[in-house]
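Taking it in order: structure first as structure tokens, then the write-up.
Bear in mind that the values in this text are calculations on the coordinates, not laboratory data. Only a predicted model underlies this, so the values are computations on that prediction, with no experimental measurement involved. A quick note on method: Cβ atoms are made from the backbone with ideal geometry, for glycine too, and the neighbour counts reach across all protein chains shown.
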Amino acid sequence: MPELCSVLIDFSEAGLDLDRADLESFLLTIVNEMESGDLVQSACPARDEDIPEAAKSGIAAFLIGVLTTEINRKNLGRVMDYLGNLRYGKTLTLSGEMDGMTYNIEYRNKQELDQAANTIERLANLRVKIREQQTQPETQP
């Protein structure tokens, strides 16, 4: 039986410049692509209750720009690669917990992802955030 892990994928800071309806359509397309490509076991828009720090009593509303997924741990690298290719030029931040500590792994390319692969495989409570890449000011010689 494959080891599944829950992963939140957050596009809310990705600089997509989409209105709510277009963002929802974009996310549903991502869900379909990931499920049809066997990257995830399941995926759907996240609700408040899916994120512990956002949990509130009452009706659970969908979170704008966030997906909740169930991923076979062996496919985690493939999913990260897919997201990196999908949002080329964006910075991806993967956060998770291991041995009671929180880790944030930030990367911009496949090489950086490959370097962090061993750590990623052991993390729990995973969350991926795709955001605009911060540009460095050019320095004058």
Using mean Cβ contacts within 10 Å as the protection proxy, how do 64-72, 97-105, 11-19, 79-87 order, highest first? 64-72, 79-87, 11-19, 97-105
Expected output is a single nm value to one decimal: the length gained when fully extending between residue 20 and residue 4, i.e. 0.36 nm times separation in residues minus the C-alpha distance. What is it? 2.8 nm
